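One structure is given here, and the rest of the page talks about it.
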Amino acid sequence: MFNFTYANNTVIHFGTEQIAKLKSAITKGQKVLLAYGGGSIKNNGVYQQVLDALSKHEVVEFSGIEPNPSYETTMKAVELVKKESVDFILAVGGGSVIDGCKFIAAAAKFDGEPWDILAKNAPVKDAVPLGVVLTLPATGSESNSFAVVSKLATKDKFAFGSPKVQPLFAVLDPSVMASLPERQLTNGIVDAYVHIMEQYLTYDVNAKVQDRFAEGLLLTLIEEGPKVFDNADNEIRANIMWSATMALNGLIGVGVPQDWSTHGIGHEITALYGLDHAQTLAIILPRMMWEMRAEKQDKLLQYAERVWQITDGDNEQCIKLAIEKTEAFFRSVKMGTRFSDYQLGYEVVEPLVAQLERHQQVAMGETKAVTLPRSRSIITESL
Ligand code: NZQ
Ligand code: ZN
């Protein structure tokens with residue numbers, strides 16, 4: 001296992017009726033920016049619960065943070081934060097609203113051109129404090145220090161990370177999942193699954209705790225995922241929600257190599273063709289696993305045995321079957337796993353390779369083995 005220093009400073013308020021905790025979670029007298037997306041919170045009661053909890057706070061609102069939040073939209077909120085001298089940002093939504101708010105929080109205190117935070121990894125020295133009410137379990141953004149923001153004008157989708165934008169608290173009420181459309185439930189399960197895979201499926205460093213935590217989370221998603229669609233109860237939702245948070249709150253990623261190459265290609269697919277984040281991952285991951293089967297052989301066999309109970313056959317047969325089971329699981333939670341499922345074909349290959357090259361994504365993964373020719377092959381095999 002590698003050395004590591006670990007802290008996760010986000011306080012989690014988990015369970016039904018926890019939104020009321022906002023009242024004490026945000027310091028009395030602070031001016032709060034209540035930021036949200038396209039308005040789903042107004043139809044499912046979350047907005048009213050938030051306003052009730054903040055009845056003693058001064059609240060300024062910013063709405064319209066879109067899925068795959070844009071620099072263009074978030075910069076409007078930055079102006080508002082400055083003009084209103086906001087003390088605290090409350091993100092109410094899914095990963096897009098949370099990520100947008102992380103960028104707003106950092107950009108509002110940034111000396112210089114805020115796009116540099118994303119494009120040039122400019123250090124974030126300060127940020128407006130922020131908290132979260134999560135409405136869509138998927139990204140883990142509610143308790144990590146990362147954000148992904150797009151610039152529409154240039155079709156760039158970049159990530160940044162800073163401890164300054166780690167949410168101070170996150171409210172996780174599984175009952176808010178009741179209003180999620182099927183497509184977003186699917187997205188959440190698959191995104192969380194791939195987050196676990198990209199921290200687990202690398203090379204063995206004898207990190208037994210991280211491996212078994214990761215396998216436990218994968219098994220939970222496999223067991224509970226398909227049940228979340230029809231007549232789901234709050235127990236099923238709670239298990240999915242907590243799995244998605246645990247998948248990317250840092251815990252399973254400490255002390256182990258990580259491989260974010262499926263996400264690397266996925267972000268380019270969203271930037272160029274607008275697919276949902278998780279849809280891109282479901283397309284790429286199975287072919288990434290197969291392409292990298294030599295480098296990842298030990299962990300692929302461990303995954304096959306411990307997650308899918310596959311032990312019969314030679315190594316290649318076991319790996320092939322584990323990948324097939326993974327793709328079948330994605331399909332069982334109603335996710336398309338090929339470009340053709342989204343009416344895309346051969347025309348995507350070269351633009352995606354060019355975009356990866358433009359962003360210097362030419363040696364991705366834990367051993368930098370995902371080169372451009374291998375990315376081209378993975379994309380082509382995923383049509
Ligand atoms: O806009 P609103 O009204 O909020 O509606 C949203 C949106 O249309 C809707 N929704 C959310 N909660 C709902 C709901 N509808 C009904 N009932 C509810 N309870 O769902 C739609 C999608 O929301 P979005 O926030 O875009 O989804 P998600 O949580 O999947 O976030 C995706 C974004 O997160 C980034 C992705 O790249 C993408 O931009 N990621 C962030 C990460 C991080 N910060 O650590 C890691 C991930 O790998 C990922 O890259
Ligand atoms: Zn993701």
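The values are calculated or read from the model by the stated rules, or taken from the named source; none is laboratory data. Here the structure is a predicted model, which is why all the values come from computation and not from measurement. No Cβ is skipped: glycine too gets one built from the backbone with ideal geometry, and neighbour counts run over all protein chains shown. These accessible areas exclude ligands, DNA and RNA; they are computed on the full protein's heavy atoms, side chains included. Shrake-Rupley method; radii C 1.70, N 1.55, O 1.52, S 1.80 Å.
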Note to self: Looking at (1) within 11 Å of ligand 1 (Cβ to nearest atom); (2) open to solvent by less than 30 Å² (accessible area, probe 1.4 Å); (3) assigned by TED's automatic domain parsing to the domain that holds residue 37, which one does residue 159 not meet, given that it meets all the others?
What the structure shows: (2)
Notebook entry, point to check: Does residue 236 satisfy the criteria of being surrounded by 21 or more Cβ atoms within 10 Å (Cβ to Cβ) and touching a helix residue (DSSP H, G or I) at 6+ places or on another chain (Cβ under 7 Å)?
Noted result: no
Next item on the list: Considering only the range 362-373, state which residues are surrounded by fewer than 20 Cβ atoms within 10 Å (Cβ to Cβ) and under 22 Å from residue 195 (Cβ atoms).
Entry: 363, 367, 368, 369
Checklist line | Only one of 367, 270 that is among the polar types (S, T, N, Q), modelled with pLDDT of 95 or more and within 16 Å of ligand 2 (Cβ to nearest atom) | finding: 270
Check: residue 312: open to solvent by 60 Å² or more (accessible area, probe 1.4 Å), touching a residue at least 60 places away in the same chain (Cβ under 8 Å) and away from ligand 1 (no atom under 16 Å from the Cβ), yes or no?
Finding: no
Notebook entry, point to check: Among the candidates 150, 162, which residue alone is more than 16 Å from ligand 2 (Cβ to nearest atom) and within 25 Å of residue 266 (Cα to Cα)?
Noted result: 162
Notebook entry, point to check: For the range 84-120, how many residues meet the condition of being part of a helix (DSSP H, G or I), under 24 Å from residue 187 (Cβ atoms) and out of contact with any helix residue (DSSP H, G or I) (no Cβ under 7 Å at 6 or more places or on another chain)?
Noted result: 4
Notebook entry, point to check: Somewhere in the range 138-153, is a residue among the charged types (D, E, K, R), in a strand (DSSP E or B), in contact with a helix residue (DSSP H, G or I) (Cβ under 8 Å, 6 or more places away or on another chain) and within 22 Å of residue 272 (Cα to Cα)?
Noted result: yes
Check: Across the range 18-45, what is the number of residues that are under 13 Å from residue 90 (Cα atoms) and within 13 Å of ligand 1 (Cβ to nearest atom)?
Finding: 5
Next item on the list: List the helices (runs of 4 or more DSSP H) that sit entirely inside the range 168-257 and contain at least 2 residues that are within 14 Å of the chain's Cα centre (by Cα) and within 16 Å of ligand 2 (Cβ to nearest atom).
Entry: 182-200, 234-247
Note to self: Pull out all pairs, ordered by first then second residue, where Cβ-Cβ is under 6 Å, the residues are six or more apart or on different chains, the first lies in the range 151-165 and is over 12 Å from residue 117 (Cα atoms), and the second is loosely packed, with under 15 Cβ neighbours inside 10 Å.
What the structure shows: 152/72
Check: Based on what the data block shows, is residue 246 crowded, with 23+ Cβ neighbours inside 10 Å and within 14 Å of ligand 1 (Cβ to nearest atom)?
Finding: no
Checklist line | Odd one out for residue 67 among (1) open to solvent by less than 50 Å² (accessible area, probe 1.4 Å); (2) over 30 Å from residue 255 (Cα atoms); (3) within 16 Å of ligand 2 (Cβ to nearest atom) | finding: (1)
Note to self: For the range 91-110, check the following and say yes or no: at least one residue is at positive phi and without any contact (Cβ under 8 Å) to a residue 40 or more places away in the chain.
What the structure shows: no
Margin query: Looking at 85, 96, can you tell me which residue is open to solvent by 30 Å² or more (accessible area, probe 1.4 Å) and within 16 Å of ligand 1 (Cβ to nearest atom)?
Written below: 96
Checklist line | Residue tally, condition touching a Phe, Trp or Tyr at 6+ places or on another chain (Cβ under 7 Å) and within 23 Å of residue 260 (Cα to Cα), over the range 161-174 | finding: 1
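Rundown of residues vs (1) more than 30 Å from residue 12 (Cβ to Cβ); (2) outside the structural domain of residue 224 (by TED's automatic domain parsing); (3) within 16 Å of ligand 1 (Cβ to nearest atom), yes/no style:
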residue	(1), (2), (3)
255	no, no, no
267	no, no, yes
270	no, no, yes
301	yes, no, no
308	yes, no, no
320	yes, no, no
334	no, no, yes
340	yes, no, no
Check: at pLDDT 95 or above and either within 21 Å of residue 168 (Cα to Cα) or within 16 Å of ligand 2 (Cβ to nearest atom) (or both): does that describe residue 80?
Finding: no
Item checked: the range 206-232 residues that are crowded, with 17+ Cβ neighbours inside 10 Å, paired with ones that are of a type in the set (Phe, Trp, Tyr) (beta carbon under 6 Å, 6 or more apart) -> 214/200; 221/193; 222/329
Note to self: Looking at 150, 141, can you tell me which residue is under 20 Å from residue 180 (Cβ atoms) and either within 16 Å of ligand 1 (Cβ to nearest atom) or open to solvent by 20 Å² or more (accessible area, probe 1.4 Å) (or both)?
What the structure shows: 141
